[in-house]
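Since the structure comes first, as structure tokens, the remarks are kept for the end.
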Amino acid sequence: MELEPSPPGLEAEYRTIFTAGSLVFLQELVSTFDEEVDKILRLRISRKTHLDLSGDLPGFCEVTAPVRSDPTWRVRPVPQRLQRRHVDVGDLAPCDTQRFIQALSSPAQGLQIDFDDGNCPTYHNQIKGIYNVYRAVHNQFPNAPKISQAPVLMLRPRAWNMVEHNMMVKGKEVPGPLCDFGFLMFHCGKLLFDSASGPFFYLSKVESYLEARLWNNIFLWTEQKLGLPVGSIKATVLIENVLSAFEMEEILYELKDHSAGLNCGIWDYSASFVNKFGHRGAFLLPDRSKYVNMEKLFLRSYMDLLVQTCHRRGALATGGMAALLLPQDRDSAPYRAALANVTRLKLLEIKAGVDGFMVYDLGLIEPMQKLFQLHSQGDNQMHQLRDDLTVTPDDLLCMPAGGVTLYGLKYNIAVGILFIDAWLKGKGHFFYRGQVEDSATAEISRSQVWQWIRHQTLLEDDSRVVTRGLVTKLTQEVMGELKVVTRCHTVREEQRLLTAAAMFLEVVQKRDFPEFLTTYLNLDHTFLRSGFMGLSHG
């Protein structure tokens, strides 16, 4: 194993996490599963190539029909602390110590400890984040409740597309999720289990039941290594890819001893349509700011099927995240309007039968918990079996009607640039127009701009064609606002924003769609160099 030395100022944290024992454990974990990780990434490419060459569309898999048609199997019941999780705090980057402690002391039932969408994986952030989880689990934060009384930690390692550049095993960079999962389990797994508080995980960007099988094998290996009973680890799989929507039962089946259920969210899932079918005219996704929401058939069907699938198999079904930020003045009209907006959308999810969902703003926790109490009964809604429902492949693949607005195009450009700028600063999320934005909203934003250029879509406002030239011109127009939003005061800050704009334009003009924006950034020389220049420390 080769390991980069500690980033400046994190020597104590580094020594705590990178112990001889943890490094041996991680080396064994990576050596055992590294080839399997490569295999599933190649299978993704092969599957995409098949869809492109054949023009086929996904459907429910014939090979796994016996799993779906067998009514008898169930997932193992989850521990008591997961039975009632109406409101989790989402996008909680654990390297942000102050917000992490605030969330630990909040009335939320769970915290999504996010090394993925809401986190920028600089070496500094990964070490600081894992160290902060270590401190919380070891009850070392003086102003936070003990881990057995705090909201449960739902640990979200990086997704399979991410690598850890600062660590090599047998001459290869380590898969990001194995790095995060390995350190978290080695240092915290047993303590979480002994305090009936875990270890619980979120698994991002799983695309097939074979990927769920790999995770299950990783869990079994880890439980055996650390002396934990089989089924100690529980994981919620985020269904944020159109292909995995057709394999939800199989994913639950593969993880049945380790499942904490499935989760549905809107933006990564919507972006996956562009990822898989974006070059096909039939899959032109209209302006998300005007025409894409959970009431549309393709998203409503996906949420309904997820709830029905989970509850039929005794698993929990959780909804997406409310990204809206509440204004400070609770007596103001904007506050009431924001709360009413979140309430309306979250009520749709509760009525669809979800057992919980996420919020970003800590001020939304109690109003949303009250909403659950008013409109549901008991710890969860697993009794809502939704037997009345039939969801077809056509329902899941039905694109909503609508066009492209100038506002939506400029909004997507702004979000894409601001996300890249945030990454160059070592941040995984940012605030824009009263909402928190992270890699999920950046993914849908840049996906839509790429697709609209590719299909030369007309603007509703004035019938201009969306071209590379128009996107470049609009990028120049929004830069003034973005300088204000990012508080550019120095030449260096302005240069970084210009670099972000150039990178955004590059990614939306590529002939072949870059599968993940985060992969593009994580492997890009600009981001790697910015880490060495010290920008990642804020």
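The values are calculated or read from the model by the stated rules, or taken from the named source; none is laboratory data. Just so it is clear, the structure is predicted and the values come from calculations on it, not from any experiment. All Cβ positions, glycine included, derive from the backbone under ideal geometry; neighbour counts span all protein chains shown. Side chains included, ligands, DNA and RNA excluded: accessible areas come from the protein's heavy atoms. Shrake-Rupley method; radii C 1.70, N 1.55, O 1.52, S 1.80 Å.
The condition (being in a strand (DSSP E or B) and in contact with a helix residue (DSSP H, G or I) (Cβ under 8 Å, 6 or more places away or on another chain)) is satisfied by just one residue among 252, 228, 262, 285: 262. Scanning the stretch 185-214 for residues that are closer than 13 Å to residue 157 by Cα, open to solvent by less than 10 Å² (accessible area, probe 1.4 Å) and not in a helix (DSSP H, G or I) returns 199, 200, 201, 202, 203, 204, 206.
Of the numbered criteria (1) free of Cβ contacts under 8 Å to residues at least 24 places away in the same chain; (2) in a helix (DSSP H, G or I), the one residue 331 fails is (2). Check the stretch 296-305 and report whether any residue there is outside any helix (DSSP H, G or I), open to solvent by 10 Å² or more (accessible area, probe 1.4 Å) and within 28 Å of residue 408 (Cβ to Cβ). Scanning the stretch 296-305, I find at least one residue that is outside any helix (DSSP H, G or I), open to solvent by 10 Å² or more (accessible area, probe 1.4 Å) and within 28 Å of residue 408 (Cβ to Cβ), so the answer is yes. Cβ-Cβ distances below 7 Å connect the following pairs, each with a first residue in the stretch 106-134 that is touching a residue at least 12 places away in the same chain (Cβ under 8 Å) and of a type in the set (Lys, Arg), a second residue that is crowded, with 22+ Cβ neighbours inside 10 Å and part of a loop (DSSP other than H, G, I, E, B), and a separation of six or more residues or different chains: 128/95.
Residues that are open to solvent by 20 Å² or more (accessible area, probe 1.4 Å) and of a type in the set (Gly, Ala, Ser) were ranked within the stretch 266-291; the one that is nearest to residue 440 (Cα to Cα) is 289.
Being small (Gly, Ala, Ser), over 20 Å from residue 432 (Cα atoms), surrounded by fewer than 22 Cβ atoms within 10 Å (Cβ to Cβ) and at pLDDT 95 or above holds for only one residue in 314, 356, 363, 319, and it is 314. I need the full set of residues from the stretch 368-391 which are open to solvent by 20 Å² or more (accessible area, probe 1.4 Å) and not in a loop (DSSP other than H, G, I, E, B), in order please. Those that are open to solvent by 20 Å² or more (accessible area, probe 1.4 Å) and not in a loop (DSSP other than H, G, I, E, B): 369, 370, 373, 374, 375. Contact annotation: residue pairs with Cβ atoms under 7 Å, 6 or more positions apart or on different chains, pairing a residue in the stretch 396-407 that is part of a helix (DSSP H, G or I) with a partner that is modelled with pLDDT of 95 or more and open to solvent by less than 40 Å² (accessible area, probe 1.4 Å), are 396/245; 396/298; 396/301; 396/302; 406/459.
Of the residues making up the stretch 49-95, those that are among the small types (Gly, Ala, Ser) and within 22 Å of the chain's Cα centre (by Cα) are 90, 93. Comparison of 275, 293, 263, 341 shows that the only residue that is more than 27 Å from residue 61 (Cβ to Cβ) and either assigned by the TED database to the domain that holds residue 446 or within 21 Å of the chain's Cα centre (by Cα) (or both) is 293. For the stretch 142-157, a tally of residues being among the basic types (Lys, Arg) and touching an Asp or Glu at 6+ places or on another chain (Cβ under 7 Å) returns 1. I'm trying to understand the selection: among the residues of the stretch 465-495, which are of a type in the set (Lys, Arg) and over 16 Å from residue 413 (Cα atoms)? Of everything in the stretch 465-495, those that are of a type in the set (Lys, Arg) and over 16 Å from residue 413 (Cα atoms) turn out to be 487, 492. Of the residues making up the stretch 433-463, those that are under 30 Å from residue 114 (Cα atoms) and either assigned to a helix (DSSP H, G or I) or of a type in the set (Phe, Trp, Tyr) (or both) number 13.
Among the residues of the stretch 392-433, just one is on the phi > 0 side of the Ramachandran plot and buried (at least 21 other Cβ atoms within 10 Å of the Cβ), namely 426.
Checked against (1) closer than 25 Å to residue 380 by Cα; (2) over 20 Å from the mean Cα position of the chain (by Cα), residue 143 passes all but a single condition, namely (1). Which of the residues belonging to the stretch 134-155 are in a strand (DSSP E or B) and open to solvent by 10 Å² or more (accessible area, probe 1.4 Å)? Correct list: empty. Of the listed requirements (1) closer than 24 Å to residue 91 by Cβ; (2) hydroxyl-bearing (Ser, Thr, Tyr); (3) buried (at least 22 other Cβ atoms within 10 Å of the Cβ), residue 309 misses just one: (1).
If you go through the stretch 328-352 and keep only what is surrounded by fewer than 16 Cβ atoms within 10 Å (Cβ to Cβ), touching a Phe, Trp or Tyr at 6+ places or on another chain (Cβ under 9 Å) and not polar (S, T, N, Q), you end up with just 329.
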